[in-house]
Amino acid sequence: MNDGPGHLGGTLRYLVAATHWSLLAGSGLIIGAGVALVARWPEALWPVHGTALGLMVGMAAVAVDERCATVVDASPRPLWWRTAVRSAGPLALVLFWATAHWALRAPLPDRLDVLILQGAVACGIGFGLATAARASGRSEPGVTLAAAAVPLVAGAALARPFEPDLPLFPVWPHEDWDRALLIWTVLGTAAALVAARALWRDARPRRNPGVTHRPDR
Amino acid sequence: MTAAESPAIVTVAEPARPPWMDLARIEVRRYAGRPAFLVGLVLTYATLLPYLDGDEPTDELSMIAPAALLGMVGLSVSAHRVWASDRCAEAAGPTPVGQASRTVGHLAACVVPFLAGLGFVLLTVLRAQSVPTVRGGYAEMMSDGWVAAVWFALGAVSCLGGPILGVVVARKTKRAAAPIVTTVGLVLAVIVFQGLFEPLRRVRVVLPWTYWGGPFGIDGDPQRSVVLSGSPGWWLTYLIVLCAIGAVVAVRTDVEARSARGRTALIVLAGLAVVTVVLAMFTGTAETLVSPVPGDGPAWGG
């Protein structure tokens, strides 16, 4: 790995080239508009919040996609380094999510901790699962993951199955927000562990060097 | 007849099948095996688990589960199936099966989520025969036929319409983000037109999914049940016409499949859609009906 004076420049160059800026900006706009709509009419438009969370999962997953994986995976930069650089996009999305909730907190439920954690964990799940798939050799698992995650999360937020026992998307003040906090913490920890395990296994010296690419489905 | 002659006789006797039928069988199997569909299916039917408690009233608002978890998810599943089969067709080179036949195969596969949604509706209707819906709710206020039309439209037809829309989207664009953007746009539109906003209640039936009743509240009782205006019977017809329009539009994206007959069919269907949606708006229940039973839930903010 290049540790000379050009290290920061190389990192920035990779960040600029690897991040889907237009997609990030577009999804940020939709998410911001969604949170603003929920804050304006919380009682009626609450499912939009879950839809925005689905979009967070999807966009974080797409951030991992490496179109030129066959070339890049053979380069000296390890996957963990590229994953760390690529996390800038989802981190920016989480920051934006938190800022939007903080700015519009007055009409929202009085549990900003849960609402912000939901966004952070949603990004973590998308990024973590896509990273694990990248480490297993897939080039662009994010698009496939996003295509399934966005409608499933939005659908779950609309239908809210098992909400009394598993309050994933609490809406009303009388719902169990503490349990929601616990559920999202567990989900976030699991996503982080999945990604960390995949990166650690990828970083280990291999008995048979070389990357085996698997077809994206 | 000798054993050597019999295969020739069987081949002659067998009627020639159009290629889309074989494709349909393959696509039905593939759709049923998609993980997103299976997750949605499990989550949908898991919402029926509370019915194991015999005292739990049948949920008149439960049709959101199949619509969201089978219909909306079906949009993405269908679109990605279409693209996957297109990639196979491109890799195979010139084949005797054209794009239109493949499209018909994908449209036939939409029967999988439809049947799953229909099963959910039938189970709910059967449950409602033995354990009634919540007291004072819209299902108690209206006739069995009215409720059945609403549930069939919301719980089954939506599971057909979402996947058909996915086929249309995939045939119109190759952009991977298109199903996601369509899903998000659809959710936003449906939430706005679900009937909570009074000025939009008449025109809400233009959307492919909307509520026909529920605890929308009145002044002084924010959880009071109401029945919204319109005719669910005509709306159901409108939704079926929309599905037919989607199917024709999807098939006609193949230039070779375009014909004057198809164009006429599209014009007739568009006319039918306009007529049925106007009838859905202005016939049936004339104004919002308010339940005589007070609501019992809390308002926003406690």
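Some observations on this one:
- Note, ³J(HN,Hα) from phi for the stretch A:23-32, Karplus 6.51, -1.76, 1.60, rounded to Hz, x at Gly and Pro: 5, 5, 5, x, 5, x, 5, 5, 5, x
- Taking 0.36 nm per residue of separation and subtracting the current Cα-Cα distance, fully stretching the chain between residue B:143 and residue B:122 would add 5.9 nm.
- Dipole axis of chain B (+1 Lys, Arg; -1 Asp, Glu on Cβ), positive-most option in B:250, B:233, B:189: B:250
- Local net charge near residue B:228, Cβ-Cβ under 14 Å (Lys/Arg +1, Asp/Glu -1): +1
- Around the Cα centre of the stretch A:83-194, unit charges on the Cβ atoms of Lys, Arg, Asp and Glu (plus for the first two, minus for the last two) sum to a dipole of about 440 debye.
- In the protein assembly as shown, the calculated helix contribution to ellipticity at 222 nm averages -20000 deg cm²/dmol per residue, counting -39,500 (n - 2.57) for every DSSP H run with n ≥ 4.
- The mean number of Cβ atoms from other chains found within 10 Å of a Cβ in peptide B:69-81 is 4, as a whole number.
- Summarising the amide proton neighbourhood of residue B:218: residues at separation of 5 or more, or on other chains, whose placed amide H is nearer than 5 Å comprise B:223, B:224.
- Percent RCO, i.e. relative contact order, over the stretch A:23-141, from Cα pairs under 8 Å lying at least 6 residues apart: 41
- Peptide B:175-181 - average C-beta neighbours from other chains (10 Å radius): 6
- Take the Cα radius of gyration of the stretch B:18-290 and divide it by 2.2 N^0.38 Å, N being the number of residues; the result is 1.06.
- Peptides B:143-154, B:65-76 ranked from most to least packed by the mean count of surrounding Cβ atoms within 10 Å: B:65-76, B:143-154.
- Stokes-Einstein translational diffusion, the stretch A:8-203 - Kirkwood Rh over all Cα pairs, 1.567 mPa s, 4 °C, in µm²/s: 76
- Taking a sphere under 12 Å around the Cβ of residue A:179 and counting the other residues whose Cβ falls inside, with K and R at +1 and D and E at -1, yields a net charge of -4.
- Couplings 3J(HN,Hα) for the stretch A:127-132, derived from phi with the Karplus relation 6.51 cos²θ - 1.76 cosθ + 1.60 (θ = phi - 60°), are 5, x, 5, 5, 5, 4 Hz, where x marks Gly and Pro.
- Cα centroid separation, the stretch B:274-293 to the stretch A:88-125 (Å): 40
- Placing unit charges on the Cβ atoms only, positive for Lys and Arg and negative for Asp and Glu, gives the protein assembly as shown a dipole magnitude near 2140 debye about its Cα centre.
- Debye, to nearest 20: dipole size of the stretch A:8-203, +1 on Lys, Arg Cβ, -1 on Asp, Glu Cβ: 660
- The mean count of C-beta atoms from other chains within 10 Å of the C-beta of residues in A:45-56, rounded to a whole number, is 3.
- Projected label distance in nm at residue A:110 and residue A:196, using a 7 Å step from Cα toward the beta-carbon: 3.5
- Proxy reagent accessibility, fewest Cβ within 10 Å first, across B:256, B:140: B:256, B:140
- Theoretical FRET efficiency, 1/(1+(r/R0)^6), r = Cβ-Cβ of residue B:282 and residue A:20, R0 41 Å, to 0.05: 0.30
- Modelled label positions at residue B:56 and residue B:266, each set 7 Å beyond Cα in the direction of Cβ, lie 4.6 nm from each other.
- Just so you know, the Rg over Rh for the protein assembly as shown is 1.01, from Cα atoms, with Rh as the Kirkwood radius.
- Cβ crowding within 10 Å averaged over residues, with A:179-191, B:47-59, A:90-102 ranked highest first: A:90-102, A:179-191, B:47-59
- Averaging the Cα positions of each part gives two centres, and for the stretch B:50-107 and the stretch B:130-180 these lie 13 Å apart.
- Highest-first packing order for the peptide set B:267-273, A:146-152, B:169-175 is A:146-152, B:169-175, B:267-273, based on the mean count of other beta carbon atoms within 10 Å.
- Membrane-span-like helices in chain B, defined purely by DSSP H runs whose alpha carbon atoms cover 27 Å or more axially and whose average Kyte-Doolittle hydropathy reaches -1.0, are B:73-92, B:111-130, B:232-252, B:260-282.
- Between residue B:293 and residue A:174, the simple spin-label model (points 7 angstrom out along Cα→Cβ) gives 1.6 nm.
- The angle separating the long axis of helix A:7-18 from the principal Cα axis of greatest extent in chain A is about 60 degrees.
- Degrees separating the helix A:47-62 axis from the principal Cα axis of chain A, which is the longest one: 0
The numbers here are math on the coordinates, done by the rules we state, and not lab data. Computed from a predicted structure; not experimentally measured. No Cβ is skipped: glycine too gets one built from the backbone with ideal geometry, and neighbour counts run over all protein chains shown.
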